[in-house]
1. If one takes the longest principal axis of the Cα atoms in the chain, at what angle in degrees, from 0 to 90 and to the nearest 10, does the Cα axis of helix 221-232 lie?
2. For the range 17-50 and the range 138-212, write down the distance between their C-alpha centroids in whole Å.
3. Which cross-chain or sequence-distant (5 or more) residues have an amide H under 5 Å from the amide H of Thr188, H modelled 1.01 Å from N in plane?
4. Determine, for His193, His83, His149, the number of other Cβ atoms within 10 Å of each Cβ, and report the residues in order from fewest to most.
5. Please give me the summed charge of the neighbours of Phe224: other residues whose Cβ is under 13 Å from its Cβ, Lys and Arg +1, Asp and Glu -1.
6. Using the Karplus curve 6.51 cos²θ - 1.76 cosθ + 1.60 with θ = phi - 60°, what ³J(HN,Hα) values do you get for each residue of the range 13-23, in whole Hz, with x for Gly and Pro?
7. Rounded to the nearest 500, what is the chain's calculated 222 nm mean residue ellipticity when only DSSP H runs of at least 4 contribute -39500 (n - 2.57) each, over all residues?
8. Going from the alpha-carbon gyration tensor of the range 6-122, what semi-axes, largest first and in whole Å, does one get by taking the root of 5 times each eigenvalue?
Amino acid sequence: MAAIEIRNLTKSFGSLLALRDVDLTVTEGEFLTLVGPNGAGKTTLIRIVATLSRPTSGEVWVDGWNLTDGAAEVRQCIGFISHQPLLYGDLTAEENLRFYSRMYGVPDPANRIEEVLEQVGLLARRRDAVRTFSRGMQQRLSIARAILHRPAVMLLDEPYTGLDQQAAAMLDEVMRAVGTASLTVLMTTHDLHRGLVMSDRVAVLSAGRLVYQALRADLDEASFRQVYREIVAV
């Protein structure tokens, strides 16, 4: 079954067409990585799926809900991680998660908060203000926030932006540790290597159009880089 279904999606900002008749399906339990150059429309697409922006035309379904009349239900079934942590710096890690647990109606929040903090390796820092966290630690807490309500779909928008090599490697480990393989994941990234390694399938967006898709099992990194260069002319 399709966890994310996008049909004829178009988004314009005035005279600028950011997305042009995009069709994309992500099946349940699949990890799909969307790559492309700056300005390709990756963030625009994922923001629409996350209900943070409205399409100009076309239809989007997430976990069976149509964005047009089921946006509130969609928000309940997705977790969203971007390069911006979406956390409150003056609150502790635990207080941040307590706030989001109330927003999502998480049952038994105290135990669930402890569980996700342990999953992302931050249980010992639960009572520290988030403003004292490194960029990598904030991103790990963002993962805890995103999985707190056990979403069916995870959306990752350039989650590695601004992370140094060590923090990025740690984020890889955390992503595997929280069991994203059991979730449906749509990720955008500039990092071709990481995008290929993490995914079951890759797709290339260029100038607002979906121009290429392939299964990870059918690709090696060298051939994918060559295809990517030819497609986007870089």
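Values quoted throughout were computed directly from the atomic coordinates according to the rules given, and no laboratory measurement underlies them. No experiment lies behind these values; they were computed from the predicted model shown. For neighbour counting, all protein chains shown are included, and Cβ atoms are generated from backbone atoms with ideal geometry for every residue, glycine included.
1. Helix 221-232 sits roughly 60 degrees off the main axis of the chain.
2. 13
3. Leu34, Leu156, Asp157, Glu158
4. His193, His83, His149
5. Details: positive: Arg194, Arg201, Arg216, Arg225, Arg229; negative: Asp191, Asp218, Asp220, Glu221, Glu230.
Around Phe224, the surrounding residues sum to 0.
6. Computed from phi, the couplings for the range 13-23 are 10, x, 8, 8, 8, 7, 9, 10, 6, 7, 10 Hz.
7. Working: 8 runs with 87 residues, N = 234.
Estimated from H runs of four or more residues: -11000 deg cm²/dmol.
8. 31, 16, 14
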